[in-house]
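Only one structure is covered here, and it is reproduced in the block below.
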Amino acid sequence: MTDEAVFPRNFLKAYPRAVRGEGCFIYTAEGQRYLDASGGAAVVTIGHGVAEVANAMAAQVARLAYVHSSQFQTAVAEKLAERILALAPREMHKNGRVYFTSGGSEATETALKLVRQYWIERGQPKRFRILSRLQSYHGSTLGALSVSGNVRRREPFAPMLSEWGHIPPCYCYRCPFGLKYPECNVDCADELDRALTRDGSKDVAAFIFEPVVGATLGAVSPPEGYVQRIAEICHRHGILLIADEIMSGMGRTGRPFAVEHWGVSPDLILVGKGIASGYAPLGAVIAAGNVVDALSHGSGTFLHGFTYNSHPVAAAAGNAVLDVIEREKLFARVEPAGAELCAALEPLKKFSVVGDIRGKGLLYGIEFIRDPKTREPFPADARIGARIQADALEAGVMTYPTQGCVDGERGDHLLIAPPFIITTQMIQMLANALEIAIADLEKSHLAALGGSSAHN
């Protein structure tokens with residue numbers, strides 16, 4: 001058997017062949033064991049190889065594998081929708097609904113079209129623009145990529161993308177306005193107000209943001225007051241607020257959804273990744289009652305759909321994952337495990353190439369820098385994140401590297417997002433692997449500079 005028939009992510013990279021997953025570990029055909037410290041791409045929450053989930057999916061396959069959502073509804077999807085809605089902020093419960101997709105990008109596409117139809121149903125068809133933030137990422141499909149602000153991922157497809165407007169991110173380590181919190185009074189949030197005032201809001205339908213930015217900034221969490229200000233600005237200008245919780249939701253930051261840290265209830269929440277812990281392709285849009293009512297009391301039909309909406313087997317996986325989370329009280333484990341992870345990563349700050357370690361719950365990022373005084377990043381072609389990933393892999397730990405957090409091209413970081421069942425020993429294994437990998441980077445970097453290892 002060869003991999004020559006599979007279209008890979010990267011033709012220049014050799015991938016180990018995974019054959020089994022158990023708990024926080026993945027085993028390969030070559031006999032290697034890797035700690036899945038990134039949960040794939042912040043997907044795995046309950047761990048790999050949970051037989052209970054596999055059995056629930058198998059039972060659903062035997063009973064009913066597939067129906068089309070334009071023809072049937074199923075009890076398994078209805079049950080999961082009720083449970084997901086119950087996890088959402090309380091203000092979303094009245095008349096709220098859950099629209100199931102096959103993943104996060106589909107959830108974003110669904111939200112964009114739902115927002116557009118909402119305004120048509122409301123008699124305001126001129127509203128179509130969805131504002132977002134620079135350095136954001138909302139999915140790989142063209143609509144989702146249009147609202148994404150990740151320069152590198154957008155660039156090859158720019159002629160195919162809409163440009164509806166982006167505001168600077170909330171990124172305190174590299175404040176785009178050169179300010180410091182709290183003296184800044186979260187001025188970055190007011191940039192949304194300025195954009196709406198400057199360019200007009202009559203054609204703006206919504207603002208989409210990641211409450212805790214995932215892959216493209218590396219677990220950047222906003223300071224107190226930012227999310228509340230954003231919500232207030234949207235409300236004042238009469239536009240909808242979309243919270244992209246595809247990565248930060250389903251308990252990843254210690255709450256069912258990250259917006260709850262700041263007491264905000266959006267009009268739409270995008271869900272993916274952890275909703276089924278990787279056991280099935282599944283995503284969702286949680287729509288608040290005001291959005292649902294516009295369609296249900298209007299045309300009555302949402303002009304949108306996918307072949308695998310509300311797939312019964314995926315829904316069975318989602319329900320089984322929630323059963324494990326509830327029984328094992330895994331949401332409650334996230335904050336203490338996150339605090340332990342933070343403490344284990346803290347010593348890495350001794351290295352001059354480590355600029356920032358940040359995160360919330362079990363979503364952490366480590367940003368690497370070339371110069372601790374200026375915070376200058378490494379050049380993009382140095383591929384520092386990929387180097388750290390490769391070195392950590394040699395120590396048996398899998399992480400998730402990304403580039404471009406500084407300007408879309410430069411700026412390397414690692415994302416750490418392990419399953420919620422990670423133990424103290426595993427956290428130490430992760431920290432030890434990163435220590436070895438970063439120490440090697442530090443040594444070669446300082447040798448090239450001919451300088452000292454003092455971290456200023």
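A single member of PHE177, PHE157 is loosely packed, with under 13 Cβ neighbours inside 10 Å, out of contact with any Gly (no Cβ under 8 Å at 6 or more places or on another chain), among the aromatic types (Phe, Trp, Tyr) and part of a helix (DSSP H, G or I), and it is PHE157. Residue-level analysis places LEU241 among those that are under 15 Å from VAL115 (Cβ atoms) and open to solvent by less than 40 Å² (accessible area, probe 1.4 Å). Looking at the range 304-321, is at least one residue within 16 Å of LEU87 (Cα to Cα) and out of contact with any Lys or Arg (no Cβ under 9 Å at 6 or more places or on another chain)? Yes, the range 304-321 contains at least one residue that is within 16 Å of LEU87 (Cα to Cα) and out of contact with any Lys or Arg (no Cβ under 9 Å at 6 or more places or on another chain). For the range 102-123, the candidate set comprises residues that are within 16 Å of the chain's Cα centre (by Cα) and under 18 Å from HIS68 (Cα atoms); within that set, the residue that is surrounded by the fewest Cβ atoms within 10 Å (Cβ to Cβ) is SER102. Among the residues of the range 294-334, those identified as part of a helix (DSSP H, G or I), open to solvent by less than 30 Å² (accessible area, probe 1.4 Å) and either in contact with a strand residue (DSSP E or B) (Cβ under 8 Å, 6 or more places away or on another chain) or farther than 29 Å from ASN55 by Cα (or both) are ALA294, LEU295, ALA314, ALA315.
Please verify whether the range 51-63 includes one or more residues that are under 29 Å from ALA215 (Cβ atoms) and open to solvent by 30 Å² or more (accessible area, probe 1.4 Å). Checked against the condition, which is being under 29 Å from ALA215 (Cβ atoms) and open to solvent by 30 Å² or more (accessible area, probe 1.4 Å), the range 51-63 yields at least one hit. Of the strands (runs of 3 or more DSSP E) lying entirely inside the range 1-75, those containing at least 3 residues that are without any contact (Cβ under 8 Å) to a residue 40 or more places away in the chain and at negative phi span 18-22, 25-28. Residues that are within 23 Å of the chain's Cα centre (by Cα), among the aliphatic types (A, V, I, L, M) and open to solvent by less than 50 Å² (accessible area, probe 1.4 Å) are absent from the range 65-75.
The set of residues in the range 272-293 that are among the hydroxyl-bearing types (Ser, Thr, Tyr) and open to solvent by 10 Å² or more (accessible area, probe 1.4 Å) contains only TYR279.
Can you find a residue in the range 430-451 that is open to solvent by less than 60 Å² (accessible area, probe 1.4 Å), of a type in the set (A, V, I, L, M) and modelled with pLDDT under 95? Yes, there is a match, as at least one residue in the range 430-451 is open to solvent by less than 60 Å² (accessible area, probe 1.4 Å), of a type in the set (A, V, I, L, M) and modelled with pLDDT under 95. Is it the case, given these coordinates, that ALA339 is assigned to a helix (DSSP H, G or I), free of Cβ contacts under 8 Å to residues at least 60 places away in the same chain and open to solvent by 10 Å² or more (accessible area, probe 1.4 Å)? Yes, satisfied.
Condition check ((1) of a type in the set (A, V, I, L, M, F, W, C); (2) part of a loop (DSSP other than H, G, I, E, B); (3) within 25 Å of TYR171 (Cα to Cα)) across all residues:
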site	(1), (2), (3)
LEU393	yes, no, no
VAL406	yes, yes, yes
ARG410	no, yes, yes
LEU414	yes, no, yes
PRO419	no, yes, no
MET429	yes, no, no
GLU435	no, no, no
SER444	no, no, no
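Under the condition of being of a type in the set (Gly, Ala, Ser) and either closer than 19 Å to GLY289 by Cα or open to solvent by 10 Å² or more (accessible area, probe 1.4 Å) (or both), the residues counted in the range 244-271 number 3.
A residue that is part of a loop (DSSP other than H, G, I, E, B), open to solvent by less than 10 Å² (accessible area, probe 1.4 Å) and either modelled with pLDDT of 95 or more or within 25 Å of GLY408 (Cβ to Cβ) (or both) cannot be found anywhere in the range 222-233.
The values are calculated or read from the model by the stated rules, or taken from the named source; none is laboratory data. Since this is a predicted model, take the numbers as computed values, not measurements. Every residue, glycine as well, gets a Cβ built from its backbone with ideal geometry; the counts of neighbours run over all protein chains shown. Heads up: the accessible areas ignore ligands, DNA and RNA and are worked out on the full protein's heavy atoms, side chains in. Shrake-Rupley method; radii C 1.70, N 1.55, O 1.52, S 1.80 Å.
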